[in-house]
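Trainee: The structure is given below, and queries will be raised subsequently.
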């Protein structure tokens, strides 16, 4: 396992970017800091990488993984359309701890596409995390660094203790401040927004947004 030390830094060095990119291209598993917890990333288009990650976590293959994006402009790589209610939320909360479900483009791997045809996307608020994503080609899976059923962690020592044997590259930013997981929202065909996980964005900030969106229901636009 290669280790990249980057505490108190917002970007990777050129040689570190090259290492992240090389690992992602061969389907390797990357342990890296997000803006909430440590995450496990593989190239979302790599069948071998997705299979390795599901094995490592002991995760049910029927539970697809979220995808983290370096920039909102990459949404179309995975989403067939942007539901109208999402545009305001993307503008307000991206980059940040908000995960949104989108209709998936055809032929996305089952590891990131749900049986209902959706994909979970987020642009993280951490500049270092986005630097890792950019180095990996713009995106990585963003599942928390823990065995399935266990709690996520901001302490890399815990993640390494439980999962280290299956990690190919470790981007070490030290222990992260305690934080909940990202907020997760879904939207139905009529534009009604549902909070699937409250996460970081809670209280009036989230409830006002959801109420306003539901009052001004819109359809999907490409």
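The values are calculated or read from the model by the stated rules, or taken from the named source; none is laboratory data. Just so we're clear, the structure is a prediction, and the values are computed from it rather than from any experiment. Note that we place each Cβ from the backbone using ideal geometry, even for glycine, and neighbour counts take in every protein chain shown.
Trainee: Can you name the condition, by its number, that residue 91 falls short on among (1) within 21 Å of residue 132 (Cβ to Cβ); (2) under 18 Å from the mean Cα position of the chain (by Cα)?
Mentor: (1) is the only condition that residue 91 fails.
Trainee: Consider segment 110-119. How many of its residues are surrounded by fewer than 17 Cβ atoms within 10 Å (Cβ to Cβ) and either in contact (Cβ under 8 Å) with a residue 12 or more places away in the chain or under 23 Å from residue 36 (Cβ atoms) (or both)?
Mentor: 4
Trainee: Here is a further query. Restricting attention to segment 92-105, report how many residues are under 19 Å from residue 34 (Cα atoms) and part of a loop (DSSP other than H, G, I, E, B).
Mentor: Adding up the residues that qualify gives 4.
Trainee: Next up: Somewhere in segment 128-140, is a residue within 27 Å of residue 105 (Cα to Cα) and part of a strand (DSSP E or B)?
Mentor: yes
Trainee: While we're looking at this one, here's another question. What about residue 11, is it touching a helix residue (DSSP H, G or I) at 6+ places or on another chain (Cβ under 8 Å), assigned to a helix (DSSP H, G or I), modelled with pLDDT of 95 or more and under 18 Å from residue 124 (Cβ atoms)?
Mentor: So residue 11 fails the test.
Trainee: Would you call residue 85 over 23 Å from residue 151 (Cα atoms) and in contact with a helix residue (DSSP H, G or I) (Cβ under 9 Å, 6 or more places away or on another chain)?
Mentor: Spelling it out, residue 85 is indeed over 23 Å from residue 151 (Cα atoms) and in contact with a helix residue (DSSP H, G or I) (Cβ under 9 Å, 6 or more places away or on another chain).
Trainee: Kindly provide the set of residues from segment 106-127 that are within 17 Å of residue 96 (Cβ to Cβ) and part of a loop (DSSP other than H, G, I, E, B), ordered by number.
Mentor: Scanning segment 106-127 gives 123, 124, 125, 126.
Trainee: So which residues in segment 173-218 are out of contact with any helix residue (DSSP H, G or I) (no Cβ under 6 Å at 6 or more places or on another chain), assigned to a loop (DSSP other than H, G, I, E, B) and modelled with pLDDT under 80, if there are any at all?
Mentor: Result: 201, 202, 216, 217.
Trainee: Tally the residues that are in contact (Cβ under 8 Å) with a residue 24 or more places away in the chain, farther than 18 Å from residue 122 by Cβ and in a loop (DSSP other than H, G, I, E, B), restricting the search to segment 18-38.
Mentor: Counting residues in segment 18-38 that are in contact (Cβ under 8 Å) with a residue 24 or more places away in the chain, farther than 18 Å from residue 122 by Cβ and in a loop (DSSP other than H, G, I, E, B) gives 3.
Trainee: Also, I was wondering about something else. Pick out the one residue from 196, 184, 176 that is surrounded by fewer than 17 Cβ atoms within 10 Å (Cβ to Cβ) and in contact with a strand residue (DSSP E or B) (Cβ under 7 Å, 6 or more places away or on another chain).
Mentor: Going through 196, 184, 176 in turn, the sole match is 196.
Trainee: Among the residues of segment 39-74, how many are in contact (Cβ under 8 Å) with a residue 12 or more places away in the chain, outside any loop (DSSP other than H, G, I, E, B) and either surrounded by fewer than 21 Cβ atoms within 10 Å (Cβ to Cβ) or over 12 Å from the mean Cα position of the chain (by Cα) (or both)?
Mentor: Selection size over segment 39-74: 13.
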